[in-house]
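Some notes on the structure that comes next.
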Amino acid sequence: MDTAFKINAMTLNFDESLLLLGNESGEMLLFDPNKLSVISRVQSNIGDIYAIASHPQLPLAATMGMDRNVSVWDLSVPDTPVLRSRFNLRRILPWNDMEPIPASPCQSQALCFHPKFPRLATRSANSGVVELDILSSSIKLIHCTRMHGSESVTTMRYPWTNSHHLLSAALGSVVLSEEGLIVQSWQVAKNNVHWFEPLGNDIYLVATDDRRILQFDLSKREVVVRGPVFTRDDLEHVHYNPTSERAFVVGFDRNVYEVNPYTCEPIGVVYQAPFKMRWFKTLTNEPDIAFIQCFDGGLYKIDLATCHCIKIYRKTPPALWTGCRFSNNSIALTGEGNEIVVLRPRFNKNSRIPVLERELTLSKGDIHSYTKVMVASSERTLWLGQTSGQLIRHVGGIATKVRDFNSAIRDICLTHTDDRVLVCLEQGEVHSIDPVSGKSLAIWCSEHNQPVWAMALRPNHNILAVAERAGNLIFLEPYQLQPLRKGPRGRRVKRMRWFNDDTLFYNEVDKLQRYSWSNDRSEDFVEACGNTIEDFTWNTEFSYLVLINYATDVVLCDLETGKKIYAGADQADYSKGVMFLDCDDSMSYPLDFITFGRSGTAHIFRVHNDKCVSLGAVFPNVLTQHYTLKKEST
């Protein structure tokens, strides 16, 4: 198992005889959709492929990779795809830029063929709209034009016409252009627009990170239906099957929703995936057969009529998601599957490089979901919060399911006497729970039904800070959950930690904020890091702060000023946690830390000469078991 095989992009070819996939190591894979097996694979790019497109009438496919190359393939013989041409987008700049705009990494899906002309549309490295002539074996640039300001272009669609009209989208904006000139533009959403799905007659369903879908009528040049907010996290994709006339929505809350394509309202959840999703397709001639691309790297074939999984293709390791210090010299890590792995660092003779050894493996008694958060009490009791909603207590080698909330648990805190367990939920609630009975002794609900993503209990344990997904910081009394204060606005707060009794650190998307309780004021502490901050930790003795983010970077900062000192590559896949080892061995180096996440590997870094030096993987494939679907068919 290797994260190199993680599937990032998916589409069907023009006659639905092939599934086309792009993976983390730059391969394009051609699959038999019936058997869900590999027909052929080719090296199309270097690094992740997040965009893959199929020509709507011809045996052609294209991929765009994080290497900023577009590759066009002839699929006439699926066993042996032939590379027609490759085009380097790194050197292409918009003609209308008045000043240099730097390139930025982006998981853009902006790639599409024109249905009637030999054209391919995509984005430049610095987010210009690009159109390419693919008539000959050598791709030629038609134009590169900036149409969405400095925002990243997220998706594109050629209407099925004889014109050269092109729809492109970015952060809430939609542009209709022709030959590089803007015909009209609209601001249709506050957040990213991810997809235009044709309904016919110039009408499109539009997927947005506003957590709703829109109906856009190109002939009328307006949004004609604006659906309600209904997903609990980012809405990535909308798909319409013309045979069944059913529409489906997927995103980061792990639910497959059926929606009414005309009112844009949700009908209900038709399938629950184990992990968040981006791509979803059904077959025109078998409309109950669906294919889902999950961020666990897998491909799932689903029967919508029976709501169960027919077959899975997955070659990635079980993901790590959370960790905590289990004792003075050991740490516990877990994620998907049933295992909690306790690791202890040791040192070889005449070496200061730690080696992590498996001390013991515990069972958590839940094989159907993954652990979002795990914390340890002073008595070596582990508390685990599952995406299934299960709250699990693990003590003395025995796992007990204390409570089922029927909503994903996002964070857990413990009072200093361990007499309350504080839990926040994706459904927008915070519970103060009796640790023995599991009964909720107090409940706080988000005023605007916002998911609650993170919490932090002040060191003196009299204030609980709570963060809504897209709302405010709320400060509560931890036992009765009575509001004490409404704090500043916050967006995508995934981690928050009290530095001391007055100072709270928390991320707001890709920045780290510093909040003062005494002044009731928040300020930028660490400037933008390029993508959402996933976790952070610090060392007070040497005044260092370490952050990891969704751009797979590790960032080193000064703890007193927040100034960035160094930024470099973390692991190939996203890390979810960072932790200093803090060994008490005489050979230990004081500032070694590990990152862990979707690669399934604990990776060690050393703060050295104001840099984060990679010492490599210290424990590959920590977990050995994937989660098991409840209705999995063999």
*Which one of K190, K220 is surrounded by fewer than 19 Cβ atoms within 10 Å (Cβ to Cβ) and in contact with a Gly (Cβ under 6 Å, 6 or more places away or on another chain)?*
K190
_If I filter the stretch 415-430 for residues that are in contact with a Pro (Cβ under 6 Å, 6 or more places away or on another chain), of a type in the set (V, I, T) and crowded, with 21+ Cβ neighbours inside 10 Å, do I get at least one hit?_
yes
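Please state which one of Y240, Y262 is open to solvent by 20 Å² or more (accessible area, probe 1.4 Å), within 21 Å of P56 (Cα to Cα) and without any contact (Cβ under 8 Å) to a residue 60 or more places away in the chain. Full working, then the answer.
On the way: Y262 fails: within 21 Å of P56 (Cα to Cα).
Of the residues listed, the single one that is open to solvent by 20 Å² or more (accessible area, probe 1.4 Å), within 21 Å of P56 (Cα to Cα) and without any contact (Cβ under 8 Å) to a residue 60 or more places away in the chain is Y240.
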*Has the stretch 204-216 got at least one residue that is touching a Lys or Arg at 6+ places or on another chain (Cβ under 6 Å), under 27 Å from M10 (Cβ atoms) and in a loop (DSSP other than H, G, I, E, B)?*
yes
*Could you check, for the stretch 285-294, whether at least one of its residues is over 17 Å from the mean Cα position of the chain (by Cα), buried (at least 21 other Cβ atoms within 10 Å of the Cβ), more than 25 Å from R492 (Cβ to Cβ) and aliphatic (A, V, I, L, M)?*
yes
*What's the number of the condition V82 fails, among (1) in contact (Cβ under 8 Å) with a residue 40 or more places away in the chain; (2) hydrophobic (A, V, I, L, M, F, W, C); (3) under 22 Å from L18 (Cβ atoms); (4) open to solvent by 10 Å² or more (accessible area, probe 1.4 Å)?*
(1)
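How many of the residues in the stretch 110-140 are open to solvent by 20 Å² or more (accessible area, probe 1.4 Å) and either outside any strand (DSSP E or B) or over 16 Å from R84 (Cβ atoms) (or both)? Break it down into steps so the answer makes sense when it comes.
Initially, the stretch 110-140 is screened for residues open to solvent by 20 Å² or more (accessible area, probe 1.4 Å), giving 116-119, 133, 135-138, 140.
Narrowing further to those that are either outside any strand (DSSP E or B) or over 16 Å from R84 (Cβ atoms) (or both): 116-118, 135-138.
The number of residues fulfilling the criteria is 7.
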_Condition check for S522: farther than 24 Å from D210 by Cβ, among the hydroxyl-bearing types (S, T, Y) and assigned to a strand (DSSP E or B)_ = yes
*Does any residue in the stretch 485-506 that is closer than 19 Å to N549 by Cβ come within less than 6 Å, Cβ to Cβ, of a residue that is modelled with pLDDT under 95 and outside any loop (DSSP other than H, G, I, E, B) six or more places away or on a different chain, and which pairs are these?*
R491/A470
*Hits in the stretch 353-407 - residues which are in contact (Cβ under 8 Å) with a residue 60 or more places away in the chain, assigned to a loop (DSSP other than H, G, I, E, B) and among the hydrophobic types (A, V, I, L, M, F, W, C)*: I353, I367
*Give the stretch 290-348 a look and list any residue that's in a loop (DSSP other than H, G, I, E, B) and among the aliphatic types (A, V, I, L, M), or say none.*
L304, A305, A319
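From the list T624, T537, which one is under 24 Å from the mean Cα position of the chain (by Cα), assigned to a loop (DSSP other than H, G, I, E, B) and not hydrophobic (A, V, I, L, M, F, W, C)? Give the steps one after another, and end with the answer.
Values: T537 fails: assigned to a loop (DSSP other than H, G, I, E, B).
Answer to the check: T624.
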*Just give me the residues in the stretch 141-155 being in contact with a Leu (Cβ under 7 Å, 6 or more places away or on another chain), modelled with pLDDT of 95 or more and open to solvent by 10 Å² or more (accessible area, probe 1.4 Å), in sequence order.*
L141, I142
*Out of L181, L214, L218, which single residue is more than 27 Å from Y257 (Cα to Cα) and at pLDDT 95 or above?*
L181
*asked:* Could you check the stretch 25-60 and list, in sequence order, the residues that are over 27 Å from the mean Cα position of the chain (by Cα), outside any strand (DSSP E or B) and farther than 15 Å from L299 by Cα?
replied: H55, P56, Q57, L58, P59
*Would you be able to tell me the number of residues in the stretch 440-484 that are touching a residue at least 24 places away in the same chain (Cβ under 8 Å) and within 22 Å of the chain's Cα centre (by Cα)?*
10
*asked:* Restricting to the stretch 160-180, name every residue that is open to solvent by 40 Å² or more (accessible area, probe 1.4 Å), outside any loop (DSSP other than H, G, I, E, B) and hydrophobic (A, V, I, L, M, F, W, C).
replied: L171
_Which count do you get for residues in the stretch 12-33 that are open to solvent by less than 30 Å² (accessible area, probe 1.4 Å) and either within 16 Å of N285 (Cα to Cα) or modelled with pLDDT under 95 (or both)?_
5
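The values are calculated or read from the model by the stated rules, or taken from the named source; none is laboratory data. If you're wondering where the values come from, they're calculated on a predicted model, not measured in any experiment. Cβ: placed from backbone, ideal geometry, glycine included. Neighbour counts: every protein chain shown. Note: areas computed on protein heavy atoms with side chains; ligands, DNA, RNA excluded. Shrake-Rupley method; radii C 1.70, N 1.55, O 1.52, S 1.80 Å.
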